[in-house]
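**Student:** Here you go, one structure.
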Amino acid sequence: MQNSIDRLPNELLISIISRLPFKEAGRTSVLARRWRNIWTSNSVLDFDASKVLCKLKDQEKIQDETIRFVKWVNKVTVFHSLSAIDEFRILFDLDSTHAHHIDTWILFAFSKRVKRLELHLLLSCCVDGRNERYNLPNMWDPIERLRISPYGLSSCKSLEKLCLTGVHVTGEVLEFFISNCPFLEELFVKDSNSLQSLRMSSTRLRDLKILNCKGFRMLDIYSPSLVSFTFYGDRIPMDLKNVSSLINLSLGAKRSLTLASILVQISRCLSRLETLELCPDAIQVNEIFPFFPDFPKLNKLVLDIHARGHEKVFWLPDIINAAPLLCILVLKLQAVAETHAAAELFGGTRSGDGGRFTWSGPEISRKVLSQHRNRHDSLKVLQIVGFAGRTTDVEMAKYVIDHAVSLEKVVIHLQRPLEGEQGIDKAAIAIDLLGSASSIALSVSTCLIRHIDFRACSIIIKSE
């Protein structure tokens, strides 16, 4: 008797398969003769073998996996049957030695009028520098452009999203796509040492991300539709003209002073900002921000904080005060010291009862924060990620709980236990913190503990 699923029309089978992970969709070809080519009608081609690659340590096995990956992509591009695709995504560590294959894949994507093109060719788990990175052809040069777009400019006009990681690309090439792709709304470039500057004018672009491009020296953009902007890097001349729609900003730098300088430089563009994220390596608590611009409409603030456990916290009240309508504050706590030896050097001690480790750095930050008499009337949600019970962790949390008079919810994600630590100890510190912060703070007796899962190292506490 024929299986009921075999009676379904091709259009419905294609719809079902399109919802499977791409590799799983390919495996359906062995189910029956009718299924053999159904998977070739998938409009989303996501070639992600990063998990497999990152588990391999032996160089010979990595090379074998790379050969299998290239064959896999080549086979799909040969047998694919649709005239247009929505997405073409590569996530694998590849370099200039694979340039011919990568060119062919991009050519295939453009010939299918791809909407979303992503080339993530440098994985964090792999060692960069074995060979030169892949160079995206100079699209302004008609001869070079033939490598990936032999059908003229029309083949890339459908592009809505372009993401490049570990790809050498110049500002001129990015400007080509911005100028010639009328539907381009998202542009993402990461780890490209060839990108030195970007001058762009676009009425369509909504999301721009430039991350860790070491040679990047200048940004000049005119983009009235830009909603989100992310930049991680050194201080550079940055001119943002007519970014009246900008509401989401994410910045990262190695030093706090660099970050503050960038904020001051673009301060005239921050009046409509709703979400601000200051990201990895951006803030160290023992550094001082000389000035915070005003954020009159800021609703959510995310601070990625690097600390050893006992430093002074000078700037936390100031940045909260700069955002009078702030509703959500997220503190991501990154421990500089990851070992017991290093932690003890920076303010921790090991007790004699079983070698349990606790933090006992000098209580400097409490005295600094206690001098402030601020009331943060709008703050309703505090989320702490990476809470380890250190002096700095506790004092920053106490400050917020004491001064956020309208606080409704506290979410605490505990740091993964170090060797010799117990996750429940951190949970006890967190609960004790909420119970003893002040009369304004939430206390254990007046809190409803909605969820405690020590295996997942997370606590969610919400007032009744």
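The values are calculated or read from the model by the stated rules, or taken from the named source; none is laboratory data. Every value quoted in this text rests on a predicted model; they were computed, and no experiment measured them. Neighbour counts run over all protein chains shown; Cβ positions are idealised from the backbone, glycine included. The protein model used for the area step is the full one, side chains on, heavy atoms only, and it has no ligands, DNA or RNA in it. Shrake-Rupley method; radii C 1.70, N 1.55, O 1.52, S 1.80 Å.
**Student:** For the range 145-242, what is the accessible area per residue in Å² when the probe is 1.4 Å?
**Tutor:** Counting only protein heavy atoms, the per-residue value for the range 145-242 is 40 Å².
**Student:** Quick one: go through the range 104-124 and flag any residue whose amide nitrogen is under 17 Å from the point 7 Å out along the Cα-to-Cβ line of Ser225.
**Tutor:** Taking a point 7 Å out along Cα→Cβ of Ser225, the residues of the range 104-124 whose backbone N falls under 17 Å are 115-117.
**Student:** With θ set to phi - 60°, apply the Karplus curve 6.51 cos²θ - 1.76 cosθ + 1.60 along the range 377-390 and write out the HN-Hα couplings as whole Hz, x wherever there is a Gly or Pro.
**Tutor:** Values per residue, Gly and Pro as x: 6, 8, 5, 10, 10, 10, 10, 10, 10, x, 5, 10, x, 6 Hz.
**Student:** Still on this structure: Quick one: 3J(HN,Hα) in Hz for the range 180-191, Karplus 6.51/-1.76/1.60 with θ = phi - 60°, rounded, Gly and Pro as x.
**Tutor:** These are the phi-based 3J(HN,Hα) values: 10, 10, x, 9, 5, 10, 10, 10, 10, 9, 9, 6 Hz.
**Student:** Another question about this same structure. Quick one: of Lys57/Lys209; Lys51/Lys71; Lys300/Lys380; Lys332/Lys380; Lys241/Lys332, which pairs are farther than 21 Å apart, Cα to Cα?
**Tutor:** Lys57/Lys209; Lys241/Lys332
**Student:** Provide the packing ranking of 188-195, 236-243, i.e. peptides ordered by the mean count of other C-beta atoms within 10 Å per residue, highest first.
**Tutor:** My ranking of the peptides, most packed first, is 188-195, 236-243.
**Student:** Under the rule of at least 5 residues apart or a separate chain, name every residue whose amide H is placed under 5 Å from the amide H of Gln334.
**Tutor:** When sequence neighbours closer than 5 places are left aside, the close amide H contacts are Ile305, His306, Ala307.
**Student:** Given H placed on each backbone N at 1.01 Å, which residues far from Asp239 in sequence or on other chains put an amide H within less than 5 Å of it?
**Tutor:** Those qualifying (amide H under 5 Å, at least 5 residues apart or on another chain) are Leu219, Asp220, Ile221.
**Student:** Show me, for the range 392-397, the HN-Hα J-couplings you get by feeding each phi into the Karplus relation (A = 6.51, B = -1.76, C = 1.60, θ = phi - 60°), rounded to Hz, glycine and proline as x.
**Tutor:** For the range 392-397, the Karplus curve yields 4, 4, 5, 5, 5, 5 Hz.
**Student:** Related question: Using amide H atoms built 1.01 Å from N in the peptide plane, name the residues 5+ places from Leu270, or on other chains, whose amide H lies under 5 Å from its own.
**Tutor:** none
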